[in-house]
Amino acid sequence: MNSTLMDHATETMAAGSKSFNTAAKLFDAPTRRSALMLYAWCRYCDDVIDGQALGFRDASAVSGSAMQRLAMLKTQTQRAFAGAEMEEPAFAAFQEVATRHAIPPQQAFDHLEGFAMDVRETHYETFDDTLRYCYHVAGVVGLMMARVMGVRNEAVLDRACDLGLAFQLTNIARDIVEDAETGRCYLPAQWLAKERIDRELMADPVNREKLARLAARLVAAAEPYYASARVGLAGLPLRSAWAIASAHGVYREIGVKVNAAGPRAWDRRQGTSRAEKLALLMKGAALALTSRVASMPPRSSDLWQRPHRHGAYGE
């Protein structure tokens, strides 16, 4: 196995996602390798579009327009699936994962569509529109990650997608002000109109009370997706169930903190302490064990339905 690729992926995860990095250590070694490799590709694509390196502004990362960079990502992803030799470590890592776990090309390109939505500055009128964005940037990552864990059952894959949706709703709530400062808004326009918030002035501190109410709506909206994902633990191998249950707890706690902080939620970036993460790892272990004897009821028809199983969104 290529240790250089693994070193790159490990460093990328450690720097790019402290919330998931702790949980990822719970996977068995082969699953952890593939999970980190997949994350390295996702992070790289995100950074290329935003002109960043591991989430931080980096002028050297910007070459060409955002549309040109997006086209490059699509071309390189196509080459990875075609078996071409990949020089960029993130694409070499993705190629390994895609080949080993038979990642459907449509899922990879569905993920790139999320970045395309940012490049196009897509407008989100309704909450369903926001959920569609969440699917592309996170729900489909849940689908790919589930395949890395050996999941092929469509009902379990639905729950993996739900976890991605829940994670992204939490991220949006946590990052409302940060996103607004860079000209991005994932909140439904209908919600903004109800609070009488001018999108161009969202980051103004005068709007913090209103934004806190909208963040609370997002956190509440994520709850049924977290609940659905928790049920899906029964369909995962035990070590993977422990890792995912722990990540579930860490991300959900971030939403709880955003909600509790109210208008002060954006005074600092909300996260979990090391002690809190350790406690959530123990809780995750208990959830993973109890999932071994749990049944999986049908998924609620009230939840957003992922683009179904055979083609691109809208087909």
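Under 12 Å of direct C-alpha separation, and excluding same-chain neighbours fewer than eight residues apart, residue 277 reaches these aspartates and glutamates: 253. Within a straight-line Cα-Cα reach of under 17 Å, residue 194 can be paired with the following aspartates and glutamates, leaving aside sequence neighbours fewer than 8 residues apart in one chain: 125, 128, 129, 209.
Dipole check for the chain: with +1 at the C-beta of Lys and Arg, -1 at the C-beta of Asp and Glu, and the Cα centre as origin, the magnitude is about 1100 Debye.
Considering only alpha-carbon pairs that sit under 8 angstrom and 6 or more positions apart, the relative contact order computed for the chain is 17 percent. For the range 121-294, averaging the sequence separation of C-alpha pairs within contact (under 8 Å, six or more residues apart) and dividing by the residue count gives a relative contact order of 25 percent.
Between residue 276 and residue 100, the FRET efficiency estimated from the beta carbon spacing at R0 = 35 angstrom works out to 0.55. Rounded to the nearest 20 debye, the dipole size of the range 121-294 about its Cα centre is 800 debye, using +1 on the Cβ of Lys and Arg and -1 on the Cβ of Asp and Glu. A crude spin-label estimate for the pair residue 285 and residue 256, with each label 7 Å from Cα along the Cβ direction, gives 1.9 nm. Extending 7 Å from Cα along the Cβ direction at residue 87 and again at residue 194 yields two label points whose distance is 5.1 nm.
Taken about its Cα centre, the range 199-264 carries a charge dipole of roughly 60 debye when the Cβ of each Lys and Arg holds +1 and the Cβ of each Asp and Glu holds -1.
Once you have the Cα-Cα distance between residue 11 and residue 223, take 0.36 nm times their residue separation minus that, and quote the gain in nm to one decimal.
Numbers: separation 212, 0.36 × 212 = 76.32 nm, distance 3.12 nm.
Full-extension gain reported as 73.2 nm.
Each label was represented as a point 7 Å from its Cα along the Cα-to-Cβ direction; for residue 305 and residue 126 these points are 1.4 nm apart.
Of the residues 44, 183, 140, the one whose Cα sits farthest towards the positive end of the charge dipole of the chain is 140 (charges of +1 on Lys and Arg Cβ, -1 on Asp and Glu Cβ, taken about the Cα centre). In percent, rounded to a whole number, the relative contact order of the range 193-315 is 31, using alpha-carbon pairs under 8 Å and six or more apart. The residues of the range 81-162 have, on average, 36 Å² of accessible surface per residue, using a 1.4 Å probe with all protein chains present. Among the protein heavy atoms, those of residue 181 account for about 130 Å² of accessible surface (1.4 Å probe, every chain in place). For the pairs 25/210; 25/257; 25/74, flag any whose C-alpha to C-alpha distance is greater than 27 Å. Listed pairs above 27 Å: 25/210; 25/74. Which one, 256, 240, 215, is farthest towards the positive end of the dipole of the range 121-294 when Lys and Arg carry +1 and Asp and Glu -1 on their Cβ? Towards the positive end, the residue furthest out is 240.
The values are calculated or read from the model by the stated rules, or taken from the named source; none is laboratory data. In this text, all values refer to a predicted model and were calculated from it rather than measured experimentally. FYI the Cβ positions are ideal-geometry reconstructions off the backbone, even for glycines, and counts take in every protein chain you see. For the accessible areas, the whole protein counts, side chains as well, though only heavy atoms, and no ligand, DNA or RNA atoms are used. Shrake-Rupley method; radii C 1.70, N 1.55, O 1.52, S 1.80 Å.
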